[in-house]
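Okay, so here's the structure we're looking at.
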Amino acid sequence: MHETPFPRLAPGPLSPLDAETIMAHAAPSDEAGALAPALQTLLHERGWLAMLAPVAAGGAELALPAAVRLEEAIASADGGTGWTVTLCAGAAWFAGFLVPDLAREIIGTPGLCVGGSGAPTGHAEREGDGYRLGGQWDIATGAPLATHYTFNAMLREGGRPLLDPQGGPRIRAFIVPAQSVRMQPTWHSIGLRATASHSFSIDGVWVGARHGFDIAPEHATAPGPLYRFPFVTLAFVTLAANVAGMAKHFLGLAGPLIAGRRHPLAGRMLGEIPEVVWVVRQAGHDLAAARAHFYLLLDAMWERVCRDAAPDVGQAHALHAASLALVEAGRIAVDTLYPFCGLHAADGRSDINRVWRDLHTATQHAMLLPLQAP
């Protein structure tokens, strides 16, 4: 277990040494289906898993643009590590919506890692001053590391579902210690293997009402701008930045590989063929342009929230669109260059193949469908 300083210092940009450590352990982590011990230690020592938790609870409460850039940098070193940091740090962000004493208790946990699932595939039966929980939830990133789990559940009373004003089921978020859940090894994806995004279940565990919370700015218990930022938008930008990081990693590996291949009919190296050189450069240019637009909008929205202004709906929608555009640019860039890379890129043991698998697995996240809600 790793003792946690209180409060944590705000993490800085990814250092070259940390990037080197991440890259050195990426392949073994992928093969093992879990982050290597050295990477687990690094995550805890750098405080990355609590970087979005409130300072008052012992977190770093890092400014969102800085956190997103750090997550992108980690993902550009290894997608599995970046995805784990992003999803678990995002779950720890929920501490800004818990009653303060519970938030401090959780964020102060040695070896803190908050995992979880957003799908409301369980139920919470009102019982006394709390709830009796049950159900199963899938795809909890970082499950083997988790000290706590968050999840959504449908509220019930007397065995009957409680309804919201629109007549739909009432759903609430909950957080419980890992001892309350049973993890089930269900993660068998071709990519992001190191995230160990397994399922978990809960069978009749009772928790006090303080373990339930609502994720909306008006329900924040921490005062900073980080907790006035809309959750959906936060999810969009953190996930999109990960894909951008993986795409950047792929392009960096693909360039030298393509340049060093010989065209079997032309008798020339691909790096000497102008049309191929143009394709490689254009892929990088398009990704860079989408990334620049994405961060321009993110920085502007963050500045607005920091001025105590309510987020503009149009601004949020534009940032959602820019996030999806960044994901699409990353996917197109990777798939454009992949056919030029040869069989080495199809070898499951190669770094470039792992990055390809990680990126294509990440883009299957439900929030990254290549269209916005009508």
Please indicate, with yes or no, whether at least one residue in the range 141-155 is open to solvent by 70 Å² or more (accessible area, probe 1.4 Å), modelled with pLDDT of 95 or more, touching a Phe, Trp or Tyr at 6+ places or on another chain (Cβ under 6 Å) and not in a loop (DSSP other than H, G, I, E, B).
no
Return the residues of the range 323-339 that are without any contact (Cβ under 8 Å) to a residue 40 or more places away in the chain and in contact with a helix residue (DSSP H, G or I) (Cβ under 8 Å, 6 or more places away or on another chain); say none if nothing qualifies.
Ala325
Give the residue, chosen from Arg357, Arg349, Arg331, that is basic (Lys, Arg), at pLDDT 95 or above and either closer than 30 Å to Glu218 by Cβ or surrounded by fewer than 18 Cβ atoms within 10 Å (Cβ to Cβ) (or both).
Arg349
State yes or no: is Leu234 in contact with a Lys or Arg (Cβ under 9 Å, 6 or more places away or on another chain) and either on the phi > 0 side of the Ramachandran plot or open to solvent by less than 30 Å² (accessible area, probe 1.4 Å) (or both)?
no
Listing of helices (runs of 4 or more DSSP H) fully contained in the range 1-118 that carry 2 or more residues being open to solvent by 50 Å² or more (accessible area, probe 1.4 Å) and closer than 23 Å to Tyr149 by Cα:
37-46, 100-107
Considering only residues that are within 18 Å of Val327 (Cα to Cα), out of contact with any helix residue (DSSP H, G or I) (no Cβ under 7 Å at 6 or more places or on another chain) and not in a loop (DSSP other than H, G, I, E, B), which ones fall in the range 340-374?
Arg357, His360, Thr361, Ala366
Could you list, in sequence order, the residues of the range 216-225 that are surrounded by 14 or more Cβ atoms within 10 Å (Cβ to Cβ) and part of a loop (DSSP other than H, G, I, E, B)?
Ala220, Thr221, Ala222, Gly224
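The values are calculated or read from the model by the stated rules, or taken from the named source; none is laboratory data. As the structure is a computational prediction, the values presented were derived from the model and not from experiment. Note that each Cβ is placed from the backbone with ideal geometry, even for glycine, and that neighbours are counted across all protein chains shown. The accessibility values were calculated without ligands, DNA or RNA, using every heavy atom of the protein model including side chains. Shrake-Rupley method; radii C 1.70, N 1.55, O 1.52, S 1.80 Å.
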